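*Asks:* Just dropping this structure here.
The values are calculated or read from the model by the stated rules, or taken from the named source; none is laboratory data. This structure is a prediction, so every number in the text was calculated from the model and none was measured. Counting neighbours? That spans all protein chains shown, and the Cβs are built from the backbone with ideal geometry, glycine included.
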Amino acid sequence: MTRVKNLDDLRKMRDQLQSKTNLRDKSEKPEDMVQIKVAMATCCIASGSRDTMNFFVDELEKRNIEAIVTQTGCMGYCYAEPTVEVTVPEKEPIIFGNVDTPKADEIIEKYIKGGEMVDGIIPVNYQKID
Amino acid sequence: MAYKMHLLVCGGTGCQASESAALVENLKKELEEQQLDSFAQVVMTGCFGFCEKGPIVKIIPDNTFYTQVSPENAGVIVSEHVAKGRRVDYLLYKNPEDNTPIAESKNMNFYKKQIRIALRNCGIINPENIEEYIARDGYLALGKVFQELGAENTIQVLKDAGLRGRGGAGFPTAIKWELTRKNEADQKYVVCNADEGDPGAFMDRSILEGDPHAVIEAMAINGYCVGATKGLIYIRAEYPLAIQRLKIALNQARNYGLLGNDILGSGFDFDIELRYGAGAFVCGEETALIHSMEGFRGEPTLKPPYPAQSGYLNKPTNVNNVETLANVPVIINKGPEWFNQIGTEKSKGTKVFALAGKVNNVGLIEVPMGITLREVIFEIGGGIKNNKKFKAVQTGGPSGGCLTEKDLDISIDYENLIAAGSMMGSGGMIVMDEDDCMVDVAKYFLDFTVEESCGKCAPCRIGNKRLYELLDKITKGKGTKQDLEILQNLGGVIKDTSLCGLGQSSPNPVLSTMRNFEDEYHAHVHDHKCPSGVCKSLMTYEIIPDNCVGCTACVRVCPVGAITGNKKEVHLISAELCIKCGACMERCKFDAITVN
C-alpha cells in the first residue's frame, strides 16, 4: 500500500490517477474539446471500427489532445466503414470514411492538430435533428 | 490503458433496494461474456438524486441517462449501447409533459437548475475507492491547509466564503471553529453530526454513502484548525450502508497515511471513530448528541456552556453537520470568492433538499441559495402529481412551518424562510396538494415530536402532548372555538419556555397552518367538516337515490354490514355502523355514493 508522504506526493498521485476518471468530467462539456464519434454498428465493427476507436482514445491521450471519443450507431455509409465524425470546437462536423489506424493517425496529425483537410471526407447528405 | 466507457450505476440505499447491486453484477458478467470488459468499466457510485426513477445507470462519455433499470436490462445495455453505440430508447427518461425520451441528464428539468457542491462526487465516483476521490482533487485541500494556509488562514477562508451550518440554524461555521480554537485544553474533539432525523430528509446519508472521503477530509481540516486530534462521527445505526462505506473509507485513508500519525508530513496526528446513535430526533441537538456519545441519555443541557467551551468529556468540542463539512474541501480548493458568488447576500453557496410529497420528481436536489420555491417545486420537481392543485410546502421538517401559494416566489435562504414563518432546517421539503388536510398534517408532525421529545423539560413533554390532544379533538369534529385559542396560546408558551431547539420549534407546524389555513380549522370546528376529505370522523358516506340501481355490489363489499337494501331497491348506509373505509365507493359503478 502506498503511503502518501506529502502534498507533492499527493499531487503526483492525483495526476496519475486522473486519467482513470477524467472521462466522467470531460463528458459534461464535450463542446469544449475535439469530439469524435465512431460508428459502431455490426458492419462497422466487422470493418474494424473498434480498433479505430481504441486507437483514437489511446493516441489522443498520448498526444495530449483534449478530446472525447464516443461511439454511435450506423451512420449509413456502410460502403466506407469504419466511418468517424470529427468535430473540432467552433467548426462544422466532418465525416471521414475508411478510417483504419493509419488514416486515424493522419486525421489526428493533419486535421485535428494542423487544421489541414485530408482525403476521405464524405459529403454529408442528411440533416440531424436534436 | 484506461477504460473507454464507464457505466455508472447508482449504489445508494434507494437504488440498492431496487436491486442495483444485482444490476452491477449482471453488467459485469455481460461485459465479460461479450468480451468488452477491457473496453468498458462498471462503477458503483453514490446517489444521483433522481430516486423517483431508480435504479439509475449513466453511461460515460455519451452521457446517456437510463432510469428504472432492472438487472434483466443488463444484456440489452451491453449488446446494444456498449457494443454498438445504440441507445436503448425504452430505458430513457420520458419528459412528463409530452412523453418524449430525454437521453442526457443535463436536458432534464430536474437537473437544469442544480449546482452540485456538497454532492459533487455523488453519482460520479466509486465511494469505496479512495483513488477515485484522490483523482478528483481529494485530500488536496488538507495538504494545502497544512503547507500553504495554516489554521488561522483556513478559518479566515471559511469566514470569507460565508459558509453557514447546514444542519438547521445556519450558524456561521468559521465562528464556531474559531471559538473552539481559542479555548485551550489538553484534548479537543471534532464531531460530525450525522444524526439525521427529519422525516423524509436523507441528504446526509447520501453524502456519506456517495462521498465519505469528503467528510473525512473536512474533519481532518476541522481538527487541524481547532487543535483537535480526535474526531467522532455520530451516525444513526439505522444507516447500515453509510456506516459500511465510512468504515471502508476510514481504513483506506489510514492505509494511505491520510489519517493517523504525521499526516502528509505535517506532524499533525488525527483519527476518527464512529459512534452509533439509536435514532432519536433530539440527538441532532448538539448537547444531546454529546451526552449520547458519552453513554448518557440523549438529553440536551442548557447552553452556555457551549460545546466549544465544554463538550464531549467536558473538553472543547466542535460539532458540524455532514453537509456543512462536505462543502469545506471545495471552498479551500476553489477559494472563498468562488463560493461567495453563489447564493444570496447572507446565505452563500448551495443547499441540498430532499424533495418529497406530491411532486412528480421526488429526489435529492442541490440548488443555489436564492432560488425560489416555485422553481424548486414546479421546474425541478416537475409540478404537482396528477395535475392537482398546489396547496402548501413544509420546509424544515417538524421544526419548520408550512408555506403557501403566496410564498412561492420568495427566494430561499435562511433569513427569508424565517421571515415567512418557516425555516431552512436540515432541508426536508414536503409538498402538499389540495387533497391534504392541514389540520391532519399539523397533527402528523405533532405526533412525531411527542414521540421524539426526550421528556426532560415540562413545556415540551406535557405541552406538546396537550397540543396533540387538541388537534386530535379537532380532527374528530369535537373541537371548540376555545380550543383554537388554547392551541395558539399553548404553542407560544412551549416555544418560549422549552429547553432546547426541539421544543422551541415543535409548535411551528401548528402555528403556521393556523395562520395560513385558518378557514380549514374553522371548517373543522364550526361546520364539523374536513374540506379535503381526510379526517374520517368528519365524513359521512351517503347513497344518491337517483343513481342507485340496486345492484347490491356495495352491500356485498361492505366489511361491517353497514349497507342494507334488496335487489333493484335503493340502498341505505347506516352512519352509525359505517367505518368510512371507502370500499363501497370504489366498487360502485354508477357513482351513486358520495362523501360529505
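Here is a yes/no grid of residues against (1) among the basic types (K, R); (2) closer than 19 Å to B:G167 by Cα; (3) outside any strand (DSSP E or B); (4) modelled with pLDDT of 95 or more:
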position: B:P305; (1), (2), (3), (4): no, no, yes, no
position: B:V319; (1), (2), (3), (4): no, yes, no, yes
position: B:V330; (1), (2), (3), (4): no, yes, yes, yes
position: B:E337; (1), (2), (3), (4): no, no, yes, yes
position: B:F353; (1), (2), (3), (4): no, yes, no, yes
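*Asks:* Let me ask another. Run down B:K159, B:K176 and say which single residue is outside any loop (DSSP other than H, G, I, E, B) and under 26 Å from the mean Cα position of the chain (by Cα).
*Replies:* On the way: B:K159 fails: under 26 Å from the mean Cα position of the chain (by Cα).
One residue alone meets the criteria, B:K176.
*Asks:* Can you find even one residue in region B:544-563 that is farther than 27 Å from B:K529 by Cβ and among the acidic types (D, E)?
*Replies:* no
*Asks:* What are the pairs with Cβ atoms under 7 angstrom where one residue, in region A:77-88, is among the acidic types (D, E) and the other, located anywhere, is assigned to a helix (DSSP H, G or I) and surrounded by 19 or more Cβ atoms within 10 Å (Cβ to Cβ)? Sequence gap at least six, or different chains.
*Replies:* Listed by first residue and then by second, the contacts come to A:E81/A:C44; A:E81/A:S49.
*Asks:* Mind telling me which of the residues B:G143, B:G167 ends up being assigned by TED's automatic domain parsing to the domain that holds B:V330, in a loop (DSSP other than H, G, I, E, B) and crowded, with 22+ Cβ neighbours inside 10 Å? Break it down stepwise before answering.
*Replies:* On the way: B:G143 fails: in a loop (DSSP other than H, G, I, E, B).
One residue alone meets the criteria, B:G167.
*Asks:* Would a scan of region B:97-106 turn up a residue that is more than 25 Å from B:L364 (Cβ to Cβ), touching a residue at least 24 places away in the same chain (Cβ under 8 Å) and in a helix (DSSP H, G or I)?
*Replies:* The answer is no; no qualifying residue exists.
*Asks:* To continue, here is another question. Looking for whichever is surrounded by fewer than 20 Cβ atoms within 10 Å (Cβ to Cβ) and of a type in the set (G, A, S) here; the options are B:A74, B:A83, B:A17, B:A40. Which one fits? Steps first, answer last, please.
*Replies:* Numbers: B:A74 fails: surrounded by fewer than 20 Cβ atoms within 10 Å (Cβ to Cβ); B:A83 fails: surrounded by fewer than 20 Cβ atoms within 10 Å (Cβ to Cβ); B:A40 fails: surrounded by fewer than 20 Cβ atoms within 10 Å (Cβ to Cβ).
When all the criteria are applied, what remains is B:A17.
*Asks:* Given the condition hydroxyl-bearing (S, T, Y), farther than 29 Å from B:Q16 by Cβ, in contact with a Gly (Cβ under 8 Å, 6 or more places away or on another chain) and part of a loop (DSSP other than H, G, I, E, B), answer yes or no: does some residue in region B:217-237 qualify? Talk me through it step by step, then tell me what you get.
*Replies:* First pass over region B:217-237, keeping only residues hydroxyl-bearing (S, T, Y): B:224, B:229, B:234.
From what's left, farther than 29 Å from B:Q16 by Cβ: B:224, B:229.
When the remaining residues are screened for being in contact with a Gly (Cβ under 8 Å, 6 or more places away or on another chain), the result is B:229.
Within this subset, residues satisfying the condition of being part of a loop (DSSP other than H, G, I, E, B) are B:229.
The answer is yes; a qualifying residue exists.
*Asks:* Among B:G311, B:G295, which is the only one that is small (G, A, S), without any contact (Cβ under 8 Å) to a residue 12 or more places away in the chain and more than 14 Å from chain A (Cβ to nearest Cβ)? Write out each step before concluding.
*Replies:* Numbers: B:G311 fails: without any contact (Cβ under 8 Å) to a residue 12 or more places away in the chain.
Criteria check complete, one pass: B:G295.
*Asks:* Something else about it: Of these, B:P559, B:P509, B:P531, which one is in contact with a Phe, Trp or Tyr (Cβ under 7 Å, 6 or more places away or on another chain) and either on the phi > 0 side of the Ramachandran plot or not assigned by TED's automatic domain parsing to the domain that holds B:S399 (or both)?
*Replies:* Answer to the check: B:P509.
*Asks:* Also, quick follow-up: In this structure, does B:C578 turn out to be in contact with a Cys (Cβ under 7 Å, 6 or more places away or on another chain), over 30 Å from B:S422 (Cβ atoms) and not charged (D, E, K, R)? First the steps, then the outcome.
*Replies:* On the way: in contact with a Cys (Cβ under 7 Å, 6 or more places away or on another chain): no; over 30 Å from B:S422 (Cβ atoms): yes; not charged (D, E, K, R): yes.
Taking the combined requirement at face value, the residue does not satisfy it.
*Asks:* Of these, B:G197, B:G227, which one is within 15 Å of B:P316 (Cβ to Cβ) and not polar (S, T, N, Q)? Steps first, answer last, please.
*Replies:* Details: B:G197 fails: within 15 Å of B:P316 (Cβ to Cβ).
Just one listed residue meets the conditions, B:G227.
*Asks:* Considering each residue of region B:478-491, count those that are touching a helix residue (DSSP H, G or I) at 6+ places or on another chain (Cβ under 8 Å) and surrounded by fewer than 17 Cβ atoms within 10 Å (Cβ to Cβ), and give that number.
*Replies:* To start, the set of residues in region B:478-491 that are touching a helix residue (DSSP H, G or I) at 6+ places or on another chain (Cβ under 8 Å) comprises B:479-481, B:483-484, B:486-488, B:490-491.
In the following step, the residues that additionally are surrounded by fewer than 17 Cβ atoms within 10 Å (Cβ to Cβ) were identified as B:480-481, B:486, B:488.
Summing the residues that are touching a helix residue (DSSP H, G or I) at 6+ places or on another chain (Cβ under 8 Å) and surrounded by fewer than 17 Cβ atoms within 10 Å (Cβ to Cβ) in region B:478-491 gives 4.
*Asks:* If you don't mind, another one. Regarding region B:235-252, can at least one residue be identified that is within 24 Å of the chain's Cα centre (by Cα) and hydroxyl-bearing (S, T, Y)?
*Replies:* Yes, the conditions are met somewhere in region B:235-252.
*Asks:* Among the numbered criteria (1) within 14 Å of chain A (Cβ to nearest Cβ); (2) surrounded by 24 or more Cβ atoms within 10 Å (Cβ to Cβ); (3) touching a helix residue (DSSP H, G or I) at 6+ places or on another chain (Cβ under 7 Å); (4) at negative phi, which one does B:C192 miss?
*Replies:* It fails just one condition, (1).
*Asks:* On to the next question. Take residues that are at pLDDT 85 or above and within 14 Å of another protein chain (Cβ to nearest Cβ) and tell me which of the strands (runs of 3 or more DSSP E) falling wholly in region A:1-113 contain 3 or more. Before the answer, list the steps.
*Replies:* On the way: elements: A:34-39, A:67-72, A:84-87, A:94-96.
In region A:1-113, the matching strands (runs of 3 or more DSSP E) lie at A:34-39, A:67-72, A:84-87.
*Asks:* Something else: Can you name the residue in region B:99-114 that is basic (K, R) and more than 9 Å from chain A (Cβ to nearest Cβ) and is also surrounded by the fewest Cβ atoms within 10 Å (Cβ to Cβ) among such residues? Before you say what the answer is, go through the steps one by one.
*Replies:* So in region B:99-114, the residues basic (K, R) come out as B:106, B:112-113.
Those left that are additionally more than 9 Å from chain A (Cβ to nearest Cβ): B:112-113.
Details: B:K112: 12, B:K113: 15.
By that ranking, first place goes to B:K112.
*Asks:* Can you find, within region B:353-398, the residue that is surrounded by the most Cβ atoms within 10 Å (Cβ to Cβ) among those that are over 27 Å from B:W338 (Cα atoms), hydrophobic (A, V, I, L, M, F, W, C) and free of Cβ contacts under 8 Å to residues at least 40 places away in the same chain?
*Replies:* Within region B:353-398, the match that is surrounded by the most Cβ atoms within 10 Å (Cβ to Cβ) is B:V393.
*Asks:* Residue pairs, Cβ under 7 Å, 6 or more apart or interchain, first in region B:78-95 and among the acidic types (D, E), second not in a loop (DSSP other than H, G, I, E, B). List them.
*Replies:* Here the result reads B:D89/B:P101, each pair linking region B:78-95 to a residue that is not in a loop (DSSP other than H, G, I, E, B).
*Asks:* Additional query: If a residue must be among the acidic types (D, E) and within 17 Å of B:G200 (Cα to Cα), how many such residues does region B:437-477 contain? Before the answer, list the steps.
*Replies:* Keep residues of region B:437-477 that are among the acidic types (D, E), which gives B:440, B:447, B:451-452, B:469, B:472.
Checking the rest, the ones that are also within 17 Å of B:G200 (Cα to Cα) come to B:447, B:451-452.
Matching residues across region B:437-477 total 3.
*Asks:* A further question follows. Taking region B:57-84 only, how many residues are under 32 Å from the mean Cα position of the chain (by Cα) and away from chain A (no Cβ under 14 Å)?
*Replies:* First, the residues of region B:57-84 that are under 32 Å from the mean Cα position of the chain (by Cα): B:57-74, B:77.
When the remaining residues are screened for being away from chain A (no Cβ under 14 Å), the result is B:66-74.
Of the residues in that region, 9 qualify.
*Asks:* While we're looking at this one, here's another question. I want to confirm something. Restricting to region B:115-151 and keeping residues that are touching a strand residue (DSSP E or B) at 6+ places or on another chain (Cβ under 8 Å) and among the aliphatic types (A, V, I, L, M), which single residue is farthest from the other protein chains (Cβ to nearest Cβ)?
*Replies:* Among residues in region B:115-151 that are touching a strand residue (DSSP E or B) at 6+ places or on another chain (Cβ under 8 Å) and among the aliphatic types (A, V, I, L, M), the one farthest from the other protein chains (Cβ to nearest Cβ) is B:A118.
*Asks:* Do we have B:A118 as out of contact with any Lys or Arg (no Cβ under 9 Å at 6 or more places or on another chain), touching a residue at least 40 places away in the same chain (Cβ under 8 Å) and closer than 19 Å to B:I412 by Cα here?
*Replies:* no
*Asks:* Those residues that are at pLDDT below 95 and assigned to a loop (DSSP other than H, G, I, E, B), I need them from region B:268-285; list them, please.
*Replies:* B:A278, B:G279, B:A280, B:E285
*Asks:* Shifting gears a bit: Taking helices (runs of 4 or more DSSP H) that do not extend beyond region B:488-555, which have at least 2 residues that are over 20 Å from B:G455 (Cα atoms)?
*Replies:* On the way: elements: B:501-505, B:508-516, B:518-525.
Hits in region B:488-555: B:508-516, B:518-525.
*Asks:* Quick check: is even one residue across region B:454-473 part of a loop (DSSP other than H, G, I, E, B), surrounded by 15 or more Cβ atoms within 10 Å (Cβ to Cβ) and among the hydroxyl-bearing types (S, T, Y)? Write out each step before concluding.
*Replies:* Filtering region B:454-473 for residues part of a loop (DSSP other than H, G, I, E, B) gives B:454-457.
In the following step, the residues that additionally are surrounded by 15 or more Cβ atoms within 10 Å (Cβ to Cβ) were identified as B:454, B:456-457.
Still in the running and among the hydroxyl-bearing types (S, T, Y): none.
For region B:454-473, residues part of a loop (DSSP other than H, G, I, E, B), surrounded by 15 or more Cβ atoms within 10 Å (Cβ to Cβ) and among the hydroxyl-bearing types (S, T, Y): absent.
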